[in-house]
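The values are calculated or read from the model by the stated rules, or taken from the named source; none is laboratory data. If you're wondering where the values come from, they're calculated on a predicted model, not measured in any experiment. Backbone-built Cβ (ideal geometry, glycine too); neighbour counts: all protein chains shown.
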Amino acid sequence: MMKLYGCKGCGSAAIEAALQLLDIPFENIRWDWEDREGWESLAAINPLRQVPTLYVGPGNVLTESVAILLWLAEMRPESRYAPERGSPEYGQFLRWLVFLSANVYAPIGIGDFPERWLAIEAARASLRHGTIERSKAAWLLFESSIRPQPYLLGNALTFLDLYVAMLTRWRPGREWILEHCKGIGEAVAATEANPVIAQVWQDNF
């Protein structure tokens, strides 16, 4: 059985929801953010101690949220949580997943741990502010490029919707996104109406 390592409020929430949407059995190993023992327990299979980490089997460990979502979508193509390969929608699906991972998710991780990058406290505060502004710019670009109907890529829920709904829980925050990115907000509302996703969000956020 697969094992999902994660913590409440973290990127593992999207993978937890994806596994449930696909009806794939898994052991959910989840801890609170402040639980250092939980983070240390990851070292044996993921030396970076980052979540999500998905243990598939001996010698098969997956990390990075987008990589795991793509792998799960390929594993169960009949689920239709990714557009048909080769279609224009599939190209946009890949584009925006990678774009958001690089320009929203990555800056959040830098802002969470500025001490990894800078030794001076004042510089850390500046870095954290910069990551928020970078994320805002990325959200605005994404907003200008989509036309939800009601989901981000049309009338079908995809793992892009799931990923975006999770990202809106973090900086710059749901309130800012709803004010400045109304199209994204509408797609997120449609996504979070899914009962599986709603339950996972309740458990995590």
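Applying the set (1) touching a residue at least 40 places away in the same chain (Cβ under 8 Å); (2) over 26 Å from PHE26 (Cβ atoms); (3) out of contact with any helix residue (DSSP H, G or I) (no Cβ under 6 Å at 6 or more places or on another chain); (4) not charged (D, E, K, R) to GLY111 leaves exactly one unmet item: (3). Kindly establish whether SER79 is at pLDDT 95 or above and on the phi < 0 side of the Ramachandran plot. No, not satisfied.
Return yes when VAL56 is of a type in the set (A, V, I, L, M, F, W, C), touching a residue at least 12 places away in the same chain (Cβ under 8 Å), out of contact with any Phe, Trp or Tyr (no Cβ under 8 Å at 6 or more places or on another chain) and assigned to a strand (DSSP E or B) and no when it is not. Steps first, answer last, please.
Working: of a type in the set (A, V, I, L, M, F, W, C): yes; touching a residue at least 12 places away in the same chain (Cβ under 8 Å): yes; out of contact with any Phe, Trp or Tyr (no Cβ under 8 Å at 6 or more places or on another chain): yes; assigned to a strand (DSSP E or B): yes.
Yes, satisfied.
Of ALA13, ALA82, all but one fail to be closer than 16 Å to ALA156 by Cα and not aromatic (Phe, Trp, Tyr); the exception is ALA82.
Let's see how each residue does on (1) closer than 13 Å to LEU167 by Cβ; (2) at pLDDT 95 or above; (3) of a type in the set (Asp, Glu):
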| position | (1), (2), (3) |
| --- | --- |
| TRP96 | yes, yes, no |
| LEU100 | yes, yes, no |
| PHE113 | no, no, no |
| LEU127 | no, yes, no |
| ALA138 | yes, yes, no |
| PHE142 | yes, yes, no |
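Being modelled with pLDDT of 95 or more and within 18 Å of the chain's Cα centre (by Cα) narrows it down to one of PRO172, PRO150, so name that one. Show your work before the answer.
Values: PRO150 fails: within 18 Å of the chain's Cα centre (by Cα).
Matching residue, one of PRO172, PRO150: PRO172.
Looking only at the stretch 42-49, decide whether some residue is within 25 Å of PRO195 (Cβ to Cβ) and either outside the structural domain of MET166 (by TED's automatic domain parsing) or touching a residue at least 24 places away in the same chain (Cβ under 8 Å) (or both). Before you say what the answer is, go through the steps one by one.
First, pick out the residues of the stretch 42-49 that are within 25 Å of PRO195 (Cβ to Cβ): none.
No, that holds for no residue.
So for the stretch 12-24 (the condition being free of Cβ contacts under 8 Å to residues at least 60 places away in the same chain, surrounded by fewer than 18 Cβ atoms within 10 Å (Cβ to Cβ) and in a helix (DSSP H, G or I)), does at least one residue qualify? Checked the stretch 12-24: no residue is free of Cβ contacts under 8 Å to residues at least 60 places away in the same chain, surrounded by fewer than 18 Cβ atoms within 10 Å (Cβ to Cβ) and in a helix (DSSP H, G or I). Against the numbered list (1) part of a strand (DSSP E or B); (2) small (Gly, Ala, Ser); (3) loosely packed, with under 14 Cβ neighbours inside 10 Å, ALA43 comes up short only at (1).
Among GLY11, GLY38, which is the only one that is touching a helix residue (DSSP H, G or I) at 6+ places or on another chain (Cβ under 6 Å) and not polar (S, T, N, Q)? It would help to see each step written out before you state the result.
Numbers: GLY38 fails: touching a helix residue (DSSP H, G or I) at 6+ places or on another chain (Cβ under 6 Å).
Of GLY11, GLY38, the one residue that is touching a helix residue (DSSP H, G or I) at 6+ places or on another chain (Cβ under 6 Å) and not polar (S, T, N, Q) is GLY11.
Summed over the stretch 151-173, residues that are free of Cβ contacts under 8 Å to residues at least 60 places away in the same chain and exposed (fewer than 15 other Cβ atoms within 10 Å of the Cβ) total 2.
Among the residues of the stretch 99-107, is there at least one that is surrounded by 12 or more Cβ atoms within 10 Å (Cβ to Cβ), within 21 Å of the chain's Cα centre (by Cα) and without any contact (Cβ under 8 Å) to a residue 24 or more places away in the chain?
Initial filter on the stretch 99-107 (surrounded by 12 or more Cβ atoms within 10 Å (Cβ to Cβ)): 99-107.
Pick out the ones that are also within 21 Å of the chain's Cα centre (by Cα) and you get 99-107.
Then keep just the ones that are without any contact (Cβ under 8 Å) to a residue 24 or more places away in the chain; that gives 102, 106.
Yes, the stretch 99-107 contains at least one residue that is surrounded by 12 or more Cβ atoms within 10 Å (Cβ to Cβ), within 21 Å of the chain's Cα centre (by Cα) and without any contact (Cβ under 8 Å) to a residue 24 or more places away in the chain.
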